[in-house]
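The values are calculated or read from the model by the stated rules, or taken from the named source; none is laboratory data. These numbers come from a predicted model, not from an experiment. All Cβ positions, even for glycine, are placed from backbone atoms using ideal geometry, and neighbour counts span all protein chains on display. All accessible areas refer to the heavy atoms of the entire protein, side chains included, with ligands and DNA or RNA removed. Shrake-Rupley method; radii C 1.70, N 1.55, O 1.52, S 1.80 Å.
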Amino acid sequence: MQKIKLEVFQTLFTKKLTGNEIDFILTLSHMQDERGCVCGLHYKEMMEKTGMSAQAFYDCKKSLQEKKVIEVRPGKQDYDIFLVGNDFTRYTKQDYSEQKVKYVKTNSKLFADLNWKLLKPAQKLLAMDLYHISRASKGRTYRIGRQNFLEKYADRKNPDGSIRRGKLGISERTLQKYLKMLKLYFYIGIKEGMYYITLRSKFAEEAVTSENNQTYDRLVQVACRRNRIDAYDPKEARQIRDVLLYYRKALQEKNVYILDIFTRMIETINVNRIRPAKWKRYLKKSLFHKILREDYLFA
């Protein structure tokens with residue numbers, strides 16, 4: 001689910017985001033499920049994926065909550081974090097085929113590029129906007145009049161002295177400066193008063209090919225951490241992931257909190273053991289499948 005609803009993305013221009021906050025949001029979009037939820041996010045995981053410090057993680061989490069970009073449900077050692085408004089569960093395959101679902105794809109090598117970290121917050125939002133528009137344009141080329149482009153993104157002084165705000169809240173001069181850096185990702189040319197902005201083919205490629213596999217592989221890992229399963233059979237983990245993928249739609253319709261199934265599995269394995277300190281903790285696909293079907297989907 002490496003995407004952000006277009007309507008959600010457009011609100012980010014009004015939030016006065018920092019560079020770290022934008023990277024935080026992008027990383028959440030890489031790990032979220034169809035509800036826009038990242039279950040069991042540990043600060044060390046965000047540090048590993050973004051390179052930010054532990055303090056930056058907590059600062060971003062707090063500020064994005066205050067800006068109503070995310071909602072947070074604390075666990076014992078981690079968090080369930082929701083990207084507000086980024087729920088895709090109500091859409092059908094037909095909605096996608098008829099292009100009724102508008103979103104910004106975040107599974108691009110552009111957002112994993114080393115130079116991405118060097119961009120200013122407004123540059124990052126501009127790059128994301130141009131990336132989205134270019135992908136939807138013929139030949140990956142966005143065509144727009146120079147004057148319209150400047151008015152769209154930059155602030156401008158009206159004849160009466162008032163300021164008409166552009167999407168980025170920056171001056172025209174700063175916008176022109178930012179465009180130069182973005183030539184790393186786009187071919188940018190101007191002819192007869194028109195900008196021609198073309199996404200470079202390298203950055204049209206996806207960084208990850210199996211998004212759903214990645215999402216559910218991570219969910220199994222989180223479940224193991226929460227249930228103190230220190231070592232597990234990779235084969236059992238893959239099989240449980242495949243079970244989750246198979247029942248994905250049913251799980252969404254029933255609004256099942258998947259991590260609870262793992263806890264039930266461990267409790268069932270140890271039903272005759274009174275002391276949790278003596279419990280055996282491992283993955284068992286057959287038992288997981290049985291509990292999922294009998295207790296959650298077809299009860």
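Greater than 28 Å separation of Cα atoms is the criterion. Which listed pairs, Lys44/Lys290; Lys15/Lys254; Lys5/Lys117; Lys15/Lys177; Lys67/Lys120, meet it? Pairs exceeding the cut-off: Lys44/Lys290; Lys15/Lys254.
Comparing Cα centroids, region 231-256 and region 148-195 end up 47 angstrom apart. Ligands, DNA and RNA left out, the accessible area of region 1-69 computed with a 1.4 Å probe is 49% carbon and sulfur. DSSP loop GluC sites (Glu not before Pro) in region 156-218 with at most 15 other Cβ atoms within 10 Å of their Cβ, which ones? Answer by residue number: Glu192, Glu205, Glu206. What the chain shows is 55 Å² of accessible area per residue, with the surface traced by a 1.4 Å probe over protein heavy atoms.
A cut-off of 5 Å between modelled amide H atoms, ignoring neighbours fewer than 5 places along the same chain, links Tyr142 with Ile197, Thr198, Leu199. A cut-off of 5 Å between modelled amide H atoms, ignoring neighbours fewer than 5 places along the same chain, links Asp87 with no other residue. Across region 181-191, computed HN-Hα scalar couplings (Karplus, 6.51 cos²θ - 1.76 cosθ + 1.60, θ = phi - 60°) run 5, 6, 5, 5, 10, 9, 7, 10, x, 9, 8 Hz from first to last residue, x flagging Gly and Pro. As a fraction of the 1.4 Å probe accessible area of region 73-232, surface on carbon and sulfur atoms comes out at 48 percent.
Past 20 Å, Cα to Cα, is the threshold; run Lys16/Lys152; Lys3/Lys235; Lys61/Lys100 against it and keep the listed order. Cα-Cα > 20 Å for Lys3/Lys235; Lys61/Lys100; rest within. Given their separation in residues at 0.36 nm each and the Cα-Cα distance between them, Arg35 and Thr141 gain 35.0 nm when the chain is fully extended. Taking 0.36 nm per residue of sequence separation and removing the Cα-Cα distance, the Thr11/Asp217 pair yields an extension gain of 71.1 nm. Distant-in-sequence amide contacts of Ala207, defined by a placed amide H-H separation under 5 Å and a gap of 5 or more residues or a different chain, comprise Ser108, Lys109.
Running Debye on the chain with equal point scatterers at the Cα sites and no solvent, what base-10 log of I(q)/I(0) appears at q = 0.06, 0.10, 0.12, 0.15 Å⁻¹? After summing over all Cα pairs, the log10 values are -0.25, -0.64, -0.86, -1.21. Region 83-145 and region 1-44 have their alpha-carbon centroids 12 Å apart.
Among the chymotrypsin sites (Phe, Trp or Tyr not before Pro) found in region 204-299, those both in a DSSP coil and sparsely packed, with 13 or fewer other Cβ atoms within 10 Å of their Cβ, are Tyr257, Phe298.
The slack in the chain from Gln99 to Leu287, taken as 0.36 nm per residue of separation less the alpha-carbon distance, amounts to 63.7 nm.
Sequence-ordered 3J(HN,Hα) estimates for region 126-133 from the Karplus curve with 6.51, -1.76 and 1.60 and θ = phi - 60° stand at 5, 4, 5, 5, 5, 4, 4, 5 Hz, glycine and proline given as x. What does the C-alpha gyration tensor say about the overall shape of region 1-132? Classify as rounded when a/c is under 1.5, otherwise prolate if a/b is larger than b/c, or oblate. Taking the square roots of the gyration eigenvalues as a ≥ b ≥ c, region 1-132 is oblate.
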